[in-house]
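Everything below concerns the one structure shown next.
The values are calculated or read from the model by the stated rules, or taken from the named source; none is laboratory data. All values reported here derive from a predicted model rather than from experimental measurement. Neighbour counts are summed over all protein chains in view; Cβ atoms, including those assigned to glycine, are modelled from backbone coordinates with ideal geometry.
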């Protein structure tokens, strides 16, 4: 089975990404249903069941990149999928809260390994001509998963969802174990002082650049998906809630891939942030008006979808070796979780205290910051050769 075409392997790795995203999404769609089992521990404790997976990535994202470079990507992703399957199977039992939380911590480690290995291996396996498409496809895994879960969620029980997820991950672990190319036999990458290596990664204009731009994207995108629908008039609320992620994914996989054939991924990230600016201005001008908010939401979603795909494409563009790509992907996971974790509460607080002016102004600043950070890192790369 190891003779599978490269793009088939890319598709299988993307499927693993869907399973990793479902580690977040399955709890999100079951949130109210889990209140009966774990709500007695308080709202913060219940929320922790959802968020602790992301906290693992926030704390250990870059460390995971270092570990993947050391132990090999195939071993890492197969072990991560197997561990994730085991945790989903355990959750079928609806264990006591401490054990459920422990299972979610293990899922956080599993999720982190998958999202580090996925783009690293895809960048290596995909033919040069198809690499932009492959990396953009990978970038869509979160949005596609949430769309699928939104469709099936109302029709499945917690037991069925946990069992299905466990079976899905276990099947992928078995398939990838026999289809992915063996890990290269190279000298292990020394871990050394973890803190020192973190500093080295974030000091590098090649390793850190994709993650820094991606942090600005996740800060904005997850927040606007969460905050805009409730602020939209009821007659247009379903349209903006369902349409924004679909527009983002569609534009990323079509226009985004086409543009990557004509310009660098870094430049496209900058253009994407620039294209989001009029979308936020449109929101500001038509806040509270259904059609205007939908138009602004769709425009900024399309622009940020381009940022999403191009950010992942910039990992192999800036980093030619698998080891460097693993480190860069770890940094993307870490700063991406930072943006996801902080964006919604910060923009929600601004919206509550200052109104739409505060949210839109912060969004404009973040778009400009996304452009600026890549300008600075590009100058640094030119200066160091």
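Summary of computed values
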read-out	value
Residue 290 touching a helix residue (DSSP H, G or I) at 6+ places or on another chain (Cβ under 7 Å) and under 17 Å from residue 138 (Cα atoms)	no
Breaking point among (1) surrounded by 15 or more Cβ atoms within 10 Å (Cβ to Cβ); (2) touching a residue at least 60 places away in the same chain (Cβ under 8 Å), for residue 375	(1)
Enumeration of residues in the stretch 125-147 that are assigned to a helix (DSSP H, G or I), surrounded by fewer than 17 Cβ atoms within 10 Å (Cβ to Cβ) and over 15 Å from the mean Cα position of the chain (by Cα)	128, 129, 130
Qualifying helices (runs of 4 or more DSSP H) (wholly inside the stretch 1-99; at least 3 residues being modelled with pLDDT of 90 or more, under 20 Å from the mean Cα position of the chain (by Cα) and in the same structural domain as residue 169 (by TED's automatic domain parsing))	6-29, 73-91
Scope the stretch 148-165; condition assigned to a helix (DSSP H, G or I) and buried (at least 16 other Cβ atoms within 10 Å of the Cβ); matching residues	149, 153, 158, 161, 162, 163, 165
Failed condition for residue 267, given (1) at pLDDT 90 or above; (2) surrounded by fewer than 16 Cβ atoms within 10 Å (Cβ to Cβ)	(2)
Residue in the stretch 236-256 that is crowded, with 20+ Cβ neighbours inside 10 Å, over 19 Å from the mean Cα position of the chain (by Cα), in a helix (DSSP H, G or I) and touching a residue at least 24 places away in the same chain (Cβ under 8 Å) present	yes
